[in-house]
Structure formats: C-alpha cells, structure tokens
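Working notes, beginning with the structure itself.
The values are calculated or read from the model by the stated rules, or taken from the named source; none is laboratory data. Just so it is clear, the model here is predicted, and its values are computed rather than measured. Glycine gets a Cβ as well: all are built from the backbone with ideal geometry, and neighbour counts include every protein chain shown. Remember, those area values only see protein heavy atoms, side chains included, never the ligands or the DNA or RNA. Shrake-Rupley method; radii C 1.70, N 1.55, O 1.52, S 1.80 Å.
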Amino acid sequence: MISLDAPLISNLDAWINVALIKQYHENLPNKKAKSLVLHFLERYGMEHIADKRNAALTNKERFIVMLLRAVMVRNALIVLDRPFMIIPDIQDDRFIYDSLQLISDSFKECHIFDYKWFEDRYGIMNAEKN
Amino acid sequence: MLKKTEFKVGLFVVITSVLIVASIAYLAYSKGLFTREHTFTLSSTTGEDLSEGMPVLFSGYRIGRVGKLELNDKGILLITIRVPEPHDQWIRSNSTFSLYKPLIGSSRLIVTTNDLSSPSLSPGTIREITIINDINETIKKVQPTLEKINEVVTNIERITGNLADPQGDVNRILRNTETLTANLSKKETFIEMATGNPESAKSVNESLKKVKDILVKTDEQLYGDDGTLPLIRKILKDIIVKLEKLNAALDNVVKISADASDSTKDFKLLRAEIDSTVTSIAKLVKDLDKILPSKKEPEIKLP
Amino acid sequence: MTEFIEKIGKASMNATATFRDILFFAFTILARIFQKKTYNSAMKMVLVNQIYFTSVQILPLFTVLSIILGSLLIGIVLQIIKNLGLAEYLGRILMGLVVTEISPFVTVLLVALRSSSAMNAEIAVMKVNKELRTLDTYNIDVIDYLFVPRIINGVVSVLLLSALFSILALTSGMIFSKLIFGMSFDVYTNVLLKSADIYDIDIYLIKCCIFGFFITLIPIRSGLSASDDLTSIPIAVLQGMVKVFIAIIFIEVLSLILISL
C-alpha cells in the first residue's frame, strides 16, 4: 500500500521505515535489515537518504521509500493509491514505471488506483474506471 | 549511529545494574545473609517477652538472633536461635542462656560461657533458659527499704507523740517531780520537824537537786545541738533528699523510655544511680534504727 | 442546585471511567510485556532508542544534579540532626528520606518532565498524522511496537536512574560529611548499613517500577485520546501530564502507607 493515507513514520529514519516491516514480521536483525534496505536503495542510487527522516525527503525519495516499504511484505501485492498525489511534480508515469521495474523481482502484482482524469498521464486511453 | 546508541545504552544498563546488584549484595553480605548459620534449640516455660528476631548476645556483642518460637507437645516453648558461622564458637556445652528483661528497651537473650575450652554444644541438645527480670529485681530491692523507712517513721511518730502527749510518760514524770519539789520546798521545816534531823532534810534536798540536774541533762540530750532529736531530724532530712533523688531517677526512667526504647547505655547509668540511692537510704535507716530505741521499749528511762 | 449535583456526578463518572480505562490499558500492556512474541527485532530497536533518549542523554545533567542535591540534602540532614542531638537517627533518616523517598521522587519528576511529556506529544502527533494507521495497514501492532518498549523503558529508566541517584547522593554525602563534619567513612558506612533493610529496598525497587510504568503508560493513553485535529495535541499533552502528576502523588502515598505497615 503506497498512499498518502499511509505516511512514513516521521520520527524514524528512512531506512528504519522500510526495515521495520521485516524486523517486525520476520524478526530480522537490525544489521541484516539495514543492509537489505541499503541494497534496495542502491538500485535507485539513493543510499544517502537512508538516515534522513520523512520531512527531509523530496517527493520522489519519499515515494521510493514508501515503495520499498511495500515490497518488504512477503509475497507483496503492491497497491499504488493516487501516486501523483505523492509525487505531484511529475507529469507522466515514467518515474513510477521505472521505479517499479527496478524492484520487479520483489513483488508479484501491482495495482495502481487513480482518478480517471489522470489516465493520459499513464499513456492509456481506455483506463479502467476507478 | 545505531551501533553507537546501542553501545551507550548497553554501557549505561550494565554499569547501573552492576552498581545496584553490588550495593544489594554488599548490604546482604553485611547483614550476614550469605553466611552459614548454626541453629541451637532452647526451652522455656514461658514465651513472654520472647519474639522472633530478638538478638542473642555474648559479652554484650550480638552473635545471632532468635529464629523460631514453637510449642512442643508438652506445652514447653522451644526457641530456635540462629548463630552465623564464626560466632557459633562462643556457644559451648557448658554455656548458660538467660533471657534478660531490661527496665527499658527490648528483651535479649544472653549467652554466658565460662569455659571456652569445653566441647561445642551439639545442635540436638535442648537447653533451658533462665529469666532475669530487671524491673522486678529493682522493685524487690526497693521494697524492704521502703518497709524499713515506714517502720522508722512510725517509731519516730510514737516518740514525738509521747513527748508531746500531756499524758505521756516523760511529761507525767516531769509533772510528778515538779509537784514533789514544790511540796517539799514548802514543807522543809515539816520534814525537819518530823525527822528532827536537819541532815535528812538536806539529803532529800540534794536528791531533788540531782533530779533537776538529770532533767536538764535529759533535756540537753533530747533537744541540744548534738541531741537525739536534731540527729533524727538530720537523718530524716537526708532520707528526704535521697528519696527525692530516687524520684528524679524514676522520672528519668519515664523520660528515657519515651525518648528511646532501647537506650541501654543511659539505662545502665540510671540503674546504677537507683541502686546506689536505695543502698544509701538503707544505710541511713540502719543508722536511725541504732539511734532510736526499739519498738518494744518506747519509754525513755530516766536515771 | 440540581445542575451542581449533576456536575459532580459527571466529574465522578469521568474520573471513574478514566481510572478504569487506565487500569484496563495497564493490564493489556502487562499481558503483552510477558508475551514472548512481543520481543521482535523492531521492538528491541525502539526499546534501545527509548532508553537512550530517556536515560543516557539525560545522564550528564542527572549525575551533576544527583551529586549537588545529594550533598545538599545530606548536609542539611547532618546539620539538623547534629543541632537536635539525634545523631543516632542519621542512618534511618538518610535511608528513609534520601534513598526511599527523595531519589525515586526526583527521578520520576525529571523523567516525567522530560520524557513523559515528549511521549504524550509524540503519540498524539502520530495519531493526528495517521502514522498509527500506517502501522495498522502493515499489520504492525502499535501496542507491541510503540507502547510496550516505551513502558519497559519507563520502568528500566526510573529504576536505574533512581538507584544511581541514591548511590551518587550517598557517596557524595559521605565525602561531604567527611570534609565538613569530620565523620569517618567507616562510621558513615556503618550507620547506613545498620539502618538499611532489605524489605525497605524491595519496596523501593517495586515503587520505582510502578512509577516508571505509570508515568509512561498514562501519557501514551492520553496521546491516543487525541482526535484527528492538530489542536487536540496540546489538550492531550496537558491532560496527560495532569494525570501523570496525580498518579505520582497517588503512588507516593500508597508506598508510604505500605512502608508504614
């Protein structure tokens, strides 16, 4: 679930926000959890944001952290809820698509829910009505 | 960052925990919680003033405590005392155990060992304790002295009453003598006439003069500076002072018991004071007894 | 008149409801504390961080405060008992006053002022920010992940800091009494040991744990009562801190009654 209704925990570093899921559900030790998150962040070239907090992140960085958090769930099924609300500064779905591509090995399915009038941003003319 | 935090937290928790555990362990060690304890069983017919945790003393030093109190099937109280390791050496087979009940403060069990070379007391042996009741002993000590004082006071009362009573022995003798001399002085010629012997009349007169001298002397003996009555008065005054002292000492007892229930040091001092006062009163009473005639012969014999 | 009685009735009912609510919450937390599954890696990390913020960060200030306050207190006590001729009660006064009363009280006040208020605000902000809902979305139990580590931290911190206060205060008092009153270390230690009672120390440790438990539990519960509105944050903090203060007094009185029994 990647949505503005499920924000990052503001008093935790970005990497802890992601690692939290595996630490809590799989009791993954700190060290391993951190290296796992860093490994994922490296794919985006964003290792430097690991120790940043929510308020210090850019919209894109925030989206990536939220995305990574979502893929931490075992057999993840990703639901993107109005991604353009999270990253309003992008005009098309390329960034979203590329981001998903980089971690395609970590999730089974992905569903994007958005307003009908944003369908041109996704480059589809007959988008499923939401 | 996280490593640093974990290290700092770990260090804090370890150091403070070690400090707490060390403090508690030191306290427990000082209180003798880790030392091996030996138990001995004593018996007593009464459990009065005995309580669990009561100290067991040897030469005034605390060597253990009373652990458990229970009645056996014969109704005799069994007292289990617990003595930690190094102190059990003071308890030998010939040791005596006494329950000391001080006037003030809590009771204690006192161990006395005269021969330390005798074998140590086997744990299975049951020894009986003797009871030393401090307050009752003091009261017992005071009681005969007070009775004696009472006796002396009654005696003095009787003597002074006798002296003051117009019908009393002394006054009666004096009155008789007075009448006799008056009569005789009037009837000097009559004696002379009757006997026809002026010598006889002279000797009667001399006898009468002697009686007068004796009376003056008696008076001096009774009321003079070194007379009996001032002496009695002096002694009585002394007794009053001593009794006042005793009273003050007893006041102190009440005060001390209110201040600190187990102030044994003060209490010992006070007890010594009461003891010496009682002894000196007893001595004074003895002196009085010597001066005053006994109860059986209340009359003053004139020569 | 009827209105007045109604107000009293309402206030009483509210107080009872709050009390019952806190007790129920306390039992829930207690049950979780004793469950093994609560202790996962994420929760442990929160616990370490919480202890760091509550105890380690405050340590320099706390150490200085303990030494100054301890010396001052023991100096005053020594002066008073010397003037009153109550030297034989020194041990009892030091153990009874400094160790079992003042040290948990000062510690709990300090922790409450610094950490309880922060926790209260933190939970309230998380509630308003919908961060609690995020945790819920990812099937993370807020009690296990957020509350239990904070409450365990409260217990551990108050216990350790209070013991540290006692040790530092008594040690500084020992130096102080040696320098000012010429009392030897042996005499001082013996006086303290003679008056120290294992039972009193047990009560003291239990008291610290109860203090720590409630001064973190109450602000958390209060933070949770915030609505989705930002303005509800200061109200939640204010109400929480008042409840914490009442709880401190309540526990203090209870412990005094327990010690005097």
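The calculated pair-distance distribution of the range B:1-72 uses every alpha carbon pair, bins of 10 angstrom beginning at 0, and gives 15, 28, 20, 14, 11, 8, 3, 0 percent.
For the range C:21-260, the C-alpha radius of gyration divided by 2.2 N^0.38 Å, with N the number of residues, is 1.15. The value given for the range C:163-261 is a Kirkwood hydrodynamic radius of 16.6 Å, derived from the mean inverse Cα-Cα separation.
Summed over both chains, the accessible area lost when C and B associate is about 1800 Å², using a 1.4 Å probe. Report summary: the helix-based calculation at 222 nm, which adds -39500 (n - 2.57) for every DSSP H run with n ≥ 4 and divides by the residues of the protein assembly as shown, gives -21000 deg cm²/dmol. For the pair C:Ile235 and C:Thr189, a Förster radius of 60 Å applied to the C-beta separation gives a FRET efficiency near 0.75, rounded to the nearest 0.05. Each Lys and Arg contributes +1 and each Asp and Glu -1, all at the Cβ; summed about the Cα centre of the protein assembly as shown, the dipole is approximately 660 debye.
Against chain C, whose longest principal axis is taken from its Cα atoms, helix C:148-181 shows a tilt of about 20°.
Computed about the Cα centre, the dipole magnitude for the range C:6-112 is approximately 440 debye when only Lys and Arg (+1) and Asp and Glu (-1) carry charge, each at its Cβ. The orientation-averaged shadow of the Cα convex hull for the range C:62-111, equal to a quarter of the hull surface, comes to 3.3 nm². Computed from Cα atoms, the angle from the helix C:198-224 axis to the main principal axis of chain C rounds to 30 degrees. With all pairs of separate Cα atoms included, the range B:35-124 yields a Kirkwood hydrodynamic radius of 13.4 Å. Could you state the angle between the C-alpha long axis of helix C:232-260 and the longest principal axis of the C-alpha atoms of chain C, as a value from 0 to 90 degrees rounded to the nearest 10? For C:232-260 against chain C, the angle is about 40 degrees. Here the relative contact order of chain C, from alpha carbon pairs under 8 Å that lie six or more residues apart, stands at 30 percent.
Gyration tensor over the Cα atoms of the protein assembly as shown: the corresponding equivalent ellipsoid has semi-axes (square roots of 5 times the eigenvalues, largest first) of 100, 29, 21 Å. A Förster radius of 30 Å, combined with the Cβ-Cβ distance separating B:Ala25 from C:Val64, puts the computed FRET efficiency at roughly 0.60. The alpha-carbon of B:Lys209 sits under 22 angstrom from the alpha-carbons of these lysines, leaving out residues fewer than 8 places away in its chain: B:Lys186, B:Lys187, B:Lys217, B:Lys301. Taking 28 Å as the limit for the C-alpha separation, the pairs B:Lys4/C:Lys207; A:Lys22/B:Lys4; C:Lys7/C:Lys130; C:Lys10/C:Lys243; B:Lys140/B:Lys283; C:Lys127/C:Lys243 exceed it in the case of B:Lys4/C:Lys207; C:Lys7/C:Lys130. Just so you know, the averaged projected area of the alpha carbon convex hull for chain A sits at 7.8 nm². Each residue was assigned an accessible area with a 1.4 Å probe, and for C:Arg133 the value is about 110 Å².
With a Förster radius of 51 Å applied to the C-beta separation of C:Ile259 and C:Arg133, the computed FRET efficiency comes to 0.65.
Spatially, the range A:58-130 and the range B:54-113 are offset by 86 Å when compared through their Cα centroids. Amide H contacts under 5 Å for B:His38: B:Val83, B:Glu85, restricted to partners 5 or more places along the chain or on a different chain, H placed in the peptide plane at 1.01 Å from N. A straight line joining the Cα centroids of the range C:52-81 and the range C:110-177 runs 20 Å. Spacing of the modelled spin labels on A:Ile90 and B:Ile214, each 7 Å from Cα toward Cβ, amounts to 15.0 nm. A:Asp120 contributes about 110 Å² of solvent-accessible surface, heavy atoms of the protein only, 1.4 Å probe. With a 1.4 Å probe rolled over the protein heavy atoms of all chains, the accessible area of C:Phe213, A:Phe63 falls in the order C:Phe213, A:Phe63, largest first. Quotient of the Cα radius of gyration of the range C:72-170 and 2.2 N^0.38 Å, N being its number of residues: 1.62.
The residues of the range A:14-122 expose on average 50 square angstrom of accessible surface per residue, using a 1.4 Å probe on protein heavy atoms. Normalising the Debye intensity of the range A:1-76 to I(0), with uniform scatterers on Cα atoms only, and taking log10 at q = 0.13, 0.18, 0.23, 0.25 Å⁻¹ returns -0.32, -0.63, -1.06, -1.26.
The P(r) of the range A:39-98 has a tail past 12 Å containing 70 percent of all C-alpha pairs.
This model, with +1 at the C-beta of Lys and Arg and -1 at the C-beta of Asp and Glu, gives the range B:35-124 a dipole about its Cα centre of some 140 debye. The modelled label-to-label distance for the pair A:Asn27/B:Ile131, using points 7 Å beyond Cα in the direction of Cβ, is 6.5 nm. Going from the chain on its own to the full set of protein chains, the range C:126-143 has these residues losing 30 Å² or more of accessible surface (heavy atoms, 1.4 Å probe, no ligands, DNA or RNA): C:Lys130, C:Glu131, C:Thr134, C:Thr137, C:Tyr138, C:Ile140.
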